[in-house]
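The next block holds one structure in the form of structure tokens; read it before the comments.
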Amino acid sequence: MQQKYDFKTIEEKWQKYWEERKIFKTDIDQEKEKFYLLEMFPYPSGKLHMGHVRNYSIGDVMARYYTMRGKNVLHPMGWDSFGLPAENAAIKNNIHPNKWTWDNISEMRSQLKSLGFSYDWDREVATCHPDYYKWMQWIFIQFFNNGLAYKKQNPVNWCPSCNTVLANEQVVDGQCERCSTPVGKKDLEQWYLKITDYAERLLDDLKLLEGWPNKVKIMQENWIGKSIGANVDFKIAGTDRIMEVFTTRPDTLFGVTYMVLAPEHPYVKELTRDTEFEKDVDTFLDKLQHLSDLDRTSGKYDKEGLFIGHYAINPMNSKEVPIYIANYVLMDYGTGAIMAVPAHDQRDFEFAVKYGIDIIPVVDPEDPEIDLYNLKEAFVAEGKMINSGEFNGLNNIEAIDKFIEYLEEKNLGKRTVNYKLRDWLISRQRYWGTPIPMIFCESCGWVPEKIENLPVLLPTDVVFTAKGDSPLTTSKSFKYTICPKCGGKGTRETDTMDTFLDSSWYYLRYVDAKNDEEIWDKLKAEYWMPVDQYIGGVEHAILHLLYARFFNKFLFDIGYAPSQEPFTNLLTQGMVLKDGSKMSKSKGNVVSPEDIIDKYGADTARLFILFASPPEKELEWSDAGVEGSFRFLNRVYRLVYELADLIKGASDNYEIKNTDDKELSYVLNSTIKKATEDMGTRFNFNTAISAIMVLVNELYRYKSLENLNLNLLKHSVKCLVLMLSPFTPHICEEMWQHLGNEQSLYFENWPKYDEDALVRDEIEIVIQINGKVKEKTYVTSGLSKDEFLEKVMENEKVKVLLEGKEIIKIIPVPDKLVNIVVK
RNA sequence: GCGGUUGUGGCGGAAUCGGCAGACGCGCACGGUUGAGGGCCGUGUCCGAAAGGGUAAGGGUUCAAGUCCCUUCAACCGCACCA
């Protein structure tokens, strides 16, 4: 160990040491409790950014900490390496996506290594590798064979810039999640996964996820969007057609004054054909179709509609009400048709006011403030049923069940549940993704490729045109094949899979990453799964985390995943900001991890990131703060360098000899206690580090004293190095070695604290009068309430303060405080 | 509009169960070391001369509130015509 803290030499030395000895390699060990720690794997864009560094620093501290606590920690890393940027780079720079991607992976892998993260690299996966996507295709075929993958023609979200379709989850504010281009509609035949079959379980099992942030659970709950209600049949007068609507408010059936069909509803054309309404309807539809989703849903959304010349018959009272089409009714939710109750639904109210339609109240709020027959807005709260025949007088909430019973009895409708969640559109018209292993045969229809023929390899003879068709269609070798079922002519599906499929199961593959016989050994999955701690950005709250739960549940159902849920605990780390906003090239406020590592070293970078803010919160980047962290490491380094010779011969058993010893021992043990609690239960690394800083300050005080207790000092310094090691492993290894240890500290135990050392003889207590602090004094610790009070009352200042006052009440909190209430 | 989160010194943040608000760090000031600068070591640093006041604003509960309850405001995030 040199006198000066030379982080470059030290970090290279120890990274090499760890790698050569395969320190971080993990295997099943039935003797030990397992701990599966996972950070979201990155897309190999080329360079790590600060968000990655934060994510992986948090993970690495936890991995190292749990290892020191005796857990068998699985800590893998890999690459979410299919995706659009590789293909765009191919078009732009004429580099094959494959080369572009693998170059980026090796660049980023070496960056991760330069940060000293404790990954078991033997388990590395890359989703673009045939060894991985082979099993992706295998899973797809399992979905297909279980009736959960299907192809259907539908108007789909289309990004004109990415030239591909998008899942609902990938449309954000009517724009493409990736490139922010407004999303349009296109009628295409596409593959879907039936995630809706799992809607109820995905919702229900959120209850099992006690270790997830509430925020994420609420977001998923809202996204799944369960509504309970009834489907009700309305006859269309003068036809044999039935208009089926979904409502969550069957209690308001008597208040229906009009009906609405979604403009795209098949009945609309049928009912208006060859009538005076046909022309207006066509104009209306035409206008709607030229609006993008963005325009249709954004802004003031003026409600607009059109009467189509037909009437529906209310099944409750046989009243005829007009049927409209309107822009606010969606085809792809419920039945694509609604009953409108203006008195008790705000949207219907606005529409009714605009078009002069009757407003009939059926729920009475019994509130003199509200004029029921002259409403200013819809009344949506609870009340008493009126104008509703035999249901009058009931509470409307209780009436809902009565209405449904009535409808079911008369065969006019039934109890129904609806979800906002839609099936997952997974086809992409792009090259750099997993080929969908399906073959179309004129006589057999869609047939999956035989398992023994997997993987269906991505062809290399393709042209990157970015024209809207999948580049796979340009391959001569790929498209034509034989039908696996009848042996006749077959054509391959040329679309590839949404890359979110690849990342929906990678955590399972890590348990047996190199297996080419099966997707993984079930016994290995049994040992390691579920992931005990998952760490990543909150931006994945819906997309990735919902898809991964869905995949895991499906794999559980077919016997491959051992648990219902994949991730027991989830930590969503906050963003890294600079000058109050997210680092981005366009804002020019990007701080490059490489530069920081170069200037201060990986240990400083890690320390600063963990010290500046608790993991869930946003982190404001501060160059001065980085300097501070660097200064602290230098301070620790000098301390150890200075003391190492002095304590070389000392023993690990120490005795407390004087008050200074006692003080050091107190600070040491309370630091261990605080750090242990902060790391293991709260993940508040910032306060754990600040506790360690307090210990360092105390050691500086102590070492300047005379008659040092070398045994105690040695013990303290060792504990300091061990506690700091999960945060800044390189410098700690170096100091550990300098203190005379031969083995890496990676397998050392986390220090234990001594409860007895935390008891102080005298404690400073606070004396309050009427809740205000008036005096601080020292008393013997551990006194009973009476003894404690007696001591307080002996205090001279208290006596003076209480003179001439009447004591009303005394609240003693021994070892802490007393509050005396006086008049 | 609905749902959620957050508001504490000049700054990042701490206060974990309702019990001393501001730990720790940054910045700043001063002192020591040094020929000087840097570095390092140390002291001080919420406001106020003091009594006292102070955790977005206002109210409430309590012996005691940054913490619990109500109202308002601001910022951020998610969803957004889902019947």
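The values are calculated or read from the model by the stated rules, or taken from the named source; none is laboratory data. Given the structure is predicted, the values throughout are model-derived calculations rather than measurements. Glycine also receives a Cβ, built like all others from the backbone with ideal geometry; neighbour counts cover every protein chain displayed. Note: areas computed on protein heavy atoms with side chains; ligands, DNA, RNA excluded. Shrake-Rupley method; radii C 1.70, N 1.55, O 1.52, S 1.80 Å.
Scanning region A:699-713 for residues that are out of contact with any Phe, Trp or Tyr (no Cβ under 8 Å at 6 or more places or on another chain), open to solvent by 10 Å² or more (accessible area, probe 1.4 Å) and more than 8 Å from RNA strand B (Cβ to nearest atom) yields A:K703, A:L705, A:E706, A:N707, A:L710. Of all residues in region A:761-777, those being closer than 21 Å to A:I808 by Cα, within 7 Å of RNA strand B (Cβ to nearest atom) and assigned to a strand (DSSP E or B) number 4. Taking (1) within 12 Å of RNA strand B (Cβ to nearest atom); (2) part of a helix (DSSP H, G or I) in turn, A:K617 satisfies each apart from (2). For beta carbons closer than 9 Å, sequence separation of 6+ or different chains, a first residue in region A:513-542 that is without any contact (Cβ under 8 Å) to a residue 40 or more places away in the chain and within 23 Å of A:L619 (Cα to Cα) and a second that is open to solvent by less than 50 Å² (accessible area, probe 1.4 Å) and within 16 Å of RNA strand B (Cβ to nearest atom), the qualifying pairs are A:E539/A:T572.
Residue by residue through region A:421-457, note down the ones that are basic (K, R), surrounded by 15 or more Cβ atoms within 10 Å (Cβ to Cβ) and not in a strand (DSSP E or B). Talk me through it step by step, then tell me what you get.
Initial filter on region A:421-457 (basic (K, R)): A:422, A:428, A:430, A:450.
Checking which are surrounded by 15 or more Cβ atoms within 10 Å (Cβ to Cβ) leaves us with A:422, A:428, A:430.
Correct list: A:R422, A:R430.
Among the residues making up region A:108-148, those that are aromatic (F, W, Y) and either over 30 Å from A:T728 (Cα atoms) or open to solvent by 20 Å² or more (accessible area, probe 1.4 Å) (or both) are A:W121, A:Y132, A:Y133, A:W135, A:W138, A:F140, A:F143, A:F144.
Return a yes/no flag: does region A:787-802 have any residue that is within 13 Å of RNA strand B (Cβ to nearest atom), surrounded by 11 or more Cβ atoms within 10 Å (Cβ to Cβ), of a type outside the set (G, A, S) and under 50 Å from the mean Cα position of the chain (by Cα). No, that holds for no residue.
Pairing each residue of region A:763-777 that is free of Cβ contacts under 8 Å to residues at least 24 places away in the same chain with any residue that is of a type in the set (D, E) and within 7 Å of RNA strand B (Cβ to nearest atom), provided the two are 6+ apart or on different chains, yields C-beta distances under 9 Å for A:K776/A:E764; A:T777/A:E764. With the requirement that a residue be near RNA strand B (Cβ under 9 Å from one of its atoms) and either in contact with a helix residue (DSSP H, G or I) (Cβ under 8 Å, 6 or more places away or on another chain) or closer than 17 Å to A:C732 by Cα (or both), what does region A:689-698 give you? The answer is A:I689, A:S690, A:A691, A:I692, A:M693, A:V694, A:V696. Listed here are the helices (runs of 4 or more DSSP H) enclosed by region A:179-280 that have at least 3 residues being within 15 Å of RNA strand B (Cβ to nearest atom) and surrounded by 15 or more Cβ atoms within 10 Å (Cβ to Cβ): A:214-224. Every condition in (1) of a type outside the set (S, T, Y); (2) at pLDDT below 95; (3) more than 30 Å from A:N168 (Cα to Cα); (4) open to solvent by 30 Å² or more (accessible area, probe 1.4 Å) holds for A:N396 except the one numbered (4). A Cβ distance below 9 Å, combined with a sequence gap of six or more or placement on separate chains, defines the contacts here; from region A:130-156, residues that are in contact (Cβ under 8 Å) with a residue 40 or more places away in the chain reach residues that are assigned to a helix (DSSP H, G or I) and of a type in the set (D, E, K, R) in the pairs A:Y132/A:D502; A:Y132/A:R509; A:Y133/A:D502; A:W135/A:R509; A:M136/A:D502; A:N146/A:D557; A:G147/A:D197; A:L148/A:D197.
Kindly state which helices (runs of 4 or more DSSP H) lie completely within region A:486-581 and contain at least 3 residues that are open to solvent by 10 Å² or more (accessible area, probe 1.4 Å).
Values: elements: A:499-502, A:506-509, A:522-528, A:543-557.
Result: A:522-528, A:543-557.
Apart from one condition, A:E655 fits all of (1) part of a helix (DSSP H, G or I); (2) modelled with pLDDT under 95; (3) away from RNA strand B (no atom under 13 Å from the Cβ); (4) not hydroxyl-bearing (S, T, Y); the exception is (1).
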